[in-house]
1. DSSP loop (so not H, G, I, E, B), at most 12 other Cβ within 10 Å: list which chymotrypsin sites (Phe, Trp or Tyr not before Pro) in the range A:9-113 pass both filters.
2. Modelled label-to-label distance, residue B:103 and residue A:30, 7 Å Cα→beta-carbon offset: nm?
3. Which value, in debye to the nearest 20, describes the size of the charge dipole of the range A:9-134 about its Cα centre when Lys and Arg Cβ atoms bear +1, Asp and Glu Cβ atoms bear -1, and nothing else is charged?
4. Could you tell me which residue out of A:78, A:124, B:89 lies farthest along the dipole of the protein assembly as shown toward its positive end? Charges go on the beta carbon: Lys and Arg +1, Asp and Glu -1, centred on the Cα centre.
5. Around residue A:42, with a cut-off of 13 angstrom between Cβ atoms, what is the net charge of the other residues, counting Lys and Arg +1 and Asp and Glu -1?
6. With chain B treated as a Gaussian network of Cα nodes joined by springs under 10 Å, which of B:97, B:17, B:108 yields the largest mean-square fluctuation?
7. Using unit Cβ charges (K, R positive; D, E negative) and no other charged atoms, how large, in debye to the nearest 20, is the dipole of the range B:5-139 about its Cα centre?
8. From Cα pairs below 8 angstrom and at least 6 apart in sequence, can you work out the relative contact order of the range A:9-134, rounded to a whole percent?
Amino acid sequence: MGHAIILTQYEPETGVTKAMTIREAMEAVHGTVLSGEDKLDLEVHSACGSDMMSDVLAFVKDQAILVTGLCNPQVIRTAEMIDMKCVLFVRDKNPTQDMLELAEEAGIVVLKTGHRMFNSCGLLYAAGLRGGSDYERFT
Amino acid sequence: MSDSLEFKYQIDGEDFARVGHASTDVKKKLKMMGLPPDVIRRVSIAIYEGEINMVIHAYGGEITVTISEGDVKMVLADKGPGIPDIEKAMTAGYSTASESVRNLGFGAGMGLPNMKKYTDSIEIETELGVGTTVTMHVKF
């Protein structure tokens, strides 16, 4: 199997990368957990932000948090198909009970924050999370 | 493993909320069979995109997944309107999806291109007013 380079929590001074827990990501965006509280200590390596699920399916690889303002069951399905560990709903979107059950079944943590998309991604980035294996192409 | 396993799913064209149930089930089954994670992921994405296409363009249909030695075969058959221009439909970004479908997060014109990207082969048979059958293979 190939060896994917995953850029994780990045420390510019040392160039060292390390993983972040979902809990740390949640705190970074002043978020709350809606489902999967028992999995908050799972490590995540990178995130992607999009409201267009087709693009998520097309371009995302090895990412663990899906940051989105779209709120329907297909968000959870999409996350499941590409093995995401966590979905973060922005702009105070409230997933339905059905969506939370779907997430529970798939083992996906669901978070929400009142921040909008840009700020949510910015806060995660500032906390050290990066956009996955594409990041190195531009650095 | 000399014999093959086959799973069939009826896709309801009316219920967008349920789109993905077949993909979820296939993914679960492949996991239980212990197929490589990369294979499971590629199959899942390809079926999921196909399932979405069936619902937004073709009033549902039938998905048949056959797993045999080194191969996952997916056949997605619908009785929808057919694809007038396959070349266009295969172009990334080209979409005929409605505004309401876009609001659901789909219709970026990446469905068929994604299905091609994640599979080893894709074959599309289509006839206007009769339907479309997409056959895909993922080898492992």
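Taken together, the values in this text are just the output of simple stated rules run on the coordinates, not laboratory data. Only a predicted model underlies this, so the values are computations on that prediction, with no experimental measurement involved. Cβ: placed from backbone, ideal geometry, glycine included. Neighbour counts: every protein chain shown.
1. Sites meeting the loop and neighbour criteria: none at all.
2. 3.0 nm
3. Rounded to the nearest 20 debye, it is 340 debye.
4. A:124
5. So the surrounding residues net to -3.
6. Evaluated over chain B, the most mobile residue of the options is B:17.
7. Details: 15 positive and 19 negative charges, 109 e Å.
Result for the range B:5-139 is approximately 520 debye, rounded to the nearest 20.
8. For the range A:9-134, the relative contact order is 32 percent.
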